[in-house]
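Novice: Once you've had a glance at the structure underneath, I'll fire off some questions.
The values are calculated or read from the model by the stated rules, or taken from the named source; none is laboratory data. Predicted model, so just to flag it, every value in this text is computed and none were measured. Virtual Cβ from ideal backbone geometry, glycine too; neighbours counted across all protein chains shown.
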Amino acid sequence: MTAALVAGALALLAWPGAASRRRERLRRLAGGPRAAAAWSAAGTPAAWPVLAGAAGMVAGALAGPLLVAVLAGAVAAGAARAVLRQREGHREEESLEVLADALAALAAELRSGRPLEAATASAVAVVPDPGAARELARALRAPEAVPAEASSELGRAHERLAAAVRLSNRTGCSLAAVAGAVEDDLRARRRQRDELRSATAGPRASAALLAGLPLLALAMGGGIGARPWAVLTTTVVGQVLLVAGVALEAAGLAWSARLVRRALR
């Protein structure tokens, strides 16, 4: 029965239909369009959390009853989404570092006396990602077209750059100076994030250690012959406790990760 349910879930995920609807379903399950775009750009499948969840269900079905398969699939999908979010954050930090280097190149070109168009082309050439290069070119050449209230740190950096370019156009101040100011701001924010990440290393390590204690308790219980896994998977009370324990574990990890993310902002 368990194997049939797992096979049915995999069949539903692979059910043929309109390509646009299938891609939209995978994007929703993988964590939204931003996450899907980030992973696709990085060469990683956007549906990786779905595949991880399916693999977790299969592994859980081999290790225990249906409840274990469902919990294993949910845990695997959640872990995959967490890795996806972390990967997206690393890519954004790399993009911010590249943007700072591009602004340094722009300021150097302008101070050397090169015209704005040539300096902009040199700065855009520093950015390897075509999408980020287009955003930088738009912020320098058409700052009024840069959308406001961006949700990502990279988008907010482009907003600050566009505002600096508009300030230079309206007041006549040196564009090299305002570009250098935006570059200094980006590097200062990077140093602040690194310091906050070092300060929160202890709490993150403690949360990871506490998350592994239940597994250690299961191993110790099995070692003394208490058979905790059998109790958790074959009795009604044990299954209720298993579901409650996994839910509390996931809630604790999500809450600690949220606190760390808020501290890093």
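Novice: Which residue is nearest to residue 186 (Cα to Cα), if the candidates are limited to the range 75-95 and must be without any contact (Cβ under 8 Å) to a residue 40 or more places away in the chain and surrounded by fewer than 19 Cβ atoms within 10 Å (Cβ to Cβ)?
Specialist: 94
Novice: Can I ask one more? Quick check on my filter: what residues within the range 111-166 are charged (D, E, K, R), modelled with pLDDT under 80 and surrounded by 15 or more Cβ atoms within 10 Å (Cβ to Cβ)?
Specialist: 153
Novice: Counting just the residues of the range 167-216 that are in a helix (DSSP H, G or I) and polar (S, T, N, Q), which one comes out surrounded by the most Cβ atoms within 10 Å (Cβ to Cβ)?
Specialist: Filtering first and then ranking leaves 168.
Novice: Could you say which residue among 215, 210, 196, 186 is of a type in the set (A, V, I, L, M), closer than 26 Å to residue 258 by Cβ and without any contact (Cβ under 8 Å) to a residue 24 or more places away in the chain?
Specialist: Details: 210 fails: without any contact (Cβ under 8 Å) to a residue 24 or more places away in the chain; 196 fails: without any contact (Cβ under 8 Å) to a residue 24 or more places away in the chain; 186 fails: without any contact (Cβ under 8 Å) to a residue 24 or more places away in the chain.
Testing whether each residue is of a type in the set (A, V, I, L, M), closer than 26 Å to residue 258 by Cβ and without any contact (Cβ under 8 Å) to a residue 24 or more places away in the chain leaves just 215.
Novice: Checking the structure you have, find out if any residue of the range 247-265 is at positive phi, not in a helix (DSSP H, G or I) and not hydroxyl-bearing (Ser, Thr, Tyr).
Specialist: Looking for residues that are at positive phi, not in a helix (DSSP H, G or I) and not hydroxyl-bearing (Ser, Thr, Tyr), one finds none in the range 247-265, hence no.
Novice: Among the residues of the range 52-66, how many are assigned to a helix (DSSP H, G or I) and buried (at least 17 other Cβ atoms within 10 Å of the Cβ)?
Specialist: Here the count works out to 8.
Novice: Looking at 119, 107, 100, can you tell me which residue is touching a Leu at 6+ places or on another chain (Cβ under 6 Å) and in contact (Cβ under 8 Å) with a residue 24 or more places away in the chain?
Specialist: Among 119, 107, 100, only 100 is touching a Leu at 6+ places or on another chain (Cβ under 6 Å) and in contact (Cβ under 8 Å) with a residue 24 or more places away in the chain.
Novice: Residue 230 passes all but one of (1) within 30 Å of residue 112 (Cβ to Cβ); (2) out of contact with any Ser or Thr (no Cβ under 7 Å at 6 or more places or on another chain); (3) in a helix (DSSP H, G or I); which number fails?
Specialist: So the condition that residue 230 fails would be (1).
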